[in-house]
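Each reported figure results from applying straightforward, stated rules to the coordinates on display, with no laboratory input. Being a predicted model, the structure only gives us computed values, none of them experimental. Ideal geometry is used to build each Cβ from the backbone, glycine not excepted, and the neighbour counts take in all protein chains shown.
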Amino acid sequence: MIDLRLLREDPDLIRASQRLRGESTDLVDDLLRADAERRAATQRFEAVRAEQRSIGKEVAKASGDERAALLTRTKDLAVEVKAAEAAAGEAEQALKRAHMAVSNVVEGAPPGGEDDFVVLREVGDLPQIENPKDHLEIGEALRAIDTERGAKVSGSRFYFLTGVGALLQLGMLQLAIQQAVEHGFIPSITPTLVRPESMEGTGYLGAHASEVYRLEADDLYLVGTSEVALAAYHSNEILDLDGPRRYAGWSSCYRREAGSHGKDVRGILRVHQFDKVEMFSFCRPEDAAEEHQRLLAMEEEMLAKVEIPYRVIDVAAGDLGSSAVRKFDCEAWVPSQNRYREVTSTSNTTTFQARRLNIRYRDDNGKPQTVATLNGTLATTRWLIPILENHQQPDGSVRVPKALQPFLGGRDVLEPFK
RNA sequence: GGAGAGCUGGCCGAGUGGCCUAAGGCGGCGGAUUGCUAAUCCGCAGCAGGGGUGAUCACCCUUGCCGGGAGUUCGAAUCUCCCGCUCUCCGCCA
């Protein structure tokens, strides 16, 4: 949710942001109207309620005829109060709906849609591989990835990681946690089933509702990222913030992939369940842009450790999620596809999520203010794809990046089974 | 799954229909005293929304908030119902 004070002071700023996103400016006018209407309705309610309360005090002291007279008056008033309260409640609900409909105010993202991202830099040399095998072919030869049995047991877009596949993933995630701890992040293992409020607070029940698994019998949701649990972790709290508060959450993630039938069906690029280490920061709004760069630097440090070439893109305004003001993706080189594919994403959501989740800090005057939140990927199952493909050798073996070798019993090469 | 007890401000905790504008304590902030620290004494303070007066910082008025929601009542922290959560015990179970 955006800051309503900002909306009142500078509605044109919000309209400009909506245009950049390719979203309607009518939503801004709807919100302005709903805001004015709510204030008017609140005032009407408060006026009758104040009268009711003051007469109520006289009733308590009065007796006999005087009391009876007061009671007839307050009985009528009670009806008015009830009606005014209901009207104020409806105005409040209408405001909330209009409020939810307006996206966060874009900050510095390039204009345009999905294809209008700006490449900030390309890092690492692309490997020269003749007829590269794709990650599934390599993974099957190593007996590291088994999608056939994944499908047998659970359906399409499920897989088993076995042997060195399991070790690679565990090592990579462990490496991410180690790095996070070195940089002062609090390592966390988070719930993957959450209540509706938590899901709603992070905005995942809006446009992405069909992407989310729901357990009807218990009214719980399976998270698509530990961002959900980490964001909701401090909901309704006032934090002591000296500097940014940083978490690294390790969890399995679940996605229905409802709208992606027939897309990326091979291998483990797009799956219903995967594991991820996610960074999440709470900081003062004035520090958010700098913190965003820090999360991006963390991602690049990890990519360097697994020795894969990548590029960094500045995602265009029209392709941002509703809560992000800016988003940087790291895309790793995938030789079999001869293109870059997204492996990390870091978003600055400023106060948008925190306002909905009611997460605040005390400013220098001791007044509660809404915090800013940011998130970013530190490692995920999908990384196995560029790791296997970029490090493949002509003989079918796979070189193990130095940083991962300790997690594979010191091996520097993984040999295929005959 | 069954039975019971709870949920009050940053924290602890009193409050069983109007005197709640929520006692008291801890912690916090300001001041006094004081070689320093500590102790003592005095004072100030919840959160959110709305309106107003003089302004960039206050002050005044007002409404809501006692786990969440609905209800009873002229009036609810207090009574009723639904939901959530915590604790204790029993049962079942990895």
Excluding A:PRO401 itself, calculate the net charge of residues whose Cβ lies under 10 Å from the Cβ of A:PRO401, where each Lys or Arg counts +1 and each Asp or Glu counts -1. +1
Rounded tilt (10° steps) of A:288-305 against the dominant C-alpha axis of chain A: 20
How would you order A:96-105, A:261-270 from highest to lowest mean count of nearby Cβ atoms within 10 Å? A:96-105, A:261-270
Helix-only estimate, please: 222 nm mean residue ellipticity of chain A, summing -39500 (n - 2.57) across DSSP H runs of length 4 or more and dividing by its residues, to the nearest 500. -13000 deg cm²/dmol
With angles folded into 0 to 90 degrees, how steeply does helix A:11-21 sit against the dominant principal axis of chain A? Use alpha carbons for both and round to 10. 30
Cβ-based charge dipole, segment A:120-279, positive-most Cα from A:PHE160, A:GLY206, A:GLY249: A:PHE160
Given a Förster radius of 56 Å and the C-beta distance between A:ASP26 and A:LEU126 as r, what FRET efficiency does 1/(1 + (r/R0)^6) yield to the nearest 0.05? 0.75
Find out how many positive minus negative residues lie around A:SER17, taking Lys and Arg as positive, Asp and Glu as negative, among other residues whose Cβ is under 12 Å from that of A:SER17. 0
Inter-part distance where segment A:309-356 and segment A:105-159 are each reduced to a Cα centre, Å: 14
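Rounded to the nearest 5, what % of the DSSP beta bridges within chain A are antiparallel ones?
So the antiparallel bridges amount to about 90 percent of the total.
Where nothing but the Cβ of Lys and Arg (+1) and of Asp and Glu (-1) is charged, how large is the charge dipole of segment A:358-410 around its Cα centre, in debye to the nearest 20?
200
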Simple SL model, points at 7 angstrom along Cα→Cβ for A:PHE417 and A:TYR213; separation in nm is 2.7
In degrees rounded to 10, the 0-90 angle between helix A:26-61 Cα long axis and the longest Cα principal axis of chain A is 40
For A:THR72 and A:LEU6, extending 7 Å from Cα along the Cα-Cβ vector and measuring point to point gives, in nm, a value of 5.6
What number, in percent, do you get for the relative contact order of chain A if the mean sequence gap of Cα pairs under 8 Å and at least 6 apart is divided by its residue count? 20
Of A:LYS57/A:LYS367; A:LYS327/A:LYS367; A:LYS57/A:LYS82; A:LYS276/A:LYS305; A:LYS327/A:LYS402, which pairs sit farther than 23 Å apart, going by alpha carbon to alpha carbon? A:LYS57/A:LYS367; A:LYS327/A:LYS367; A:LYS327/A:LYS402
Ranking request for peptides A:75-85, A:315-325, A:388-398: highest mean number of other beta-carbon atoms within 10 Å first, then the rest in descending order. A:315-325, A:388-398, A:75-85
First measure r as the distance between the Cβ atoms of A:THR162 and A:ARG53, then evaluate 1/(1 + (r/R0)^6) with R0 = 45 Å and state the FRET efficiency to the nearest 0.05. 0.05
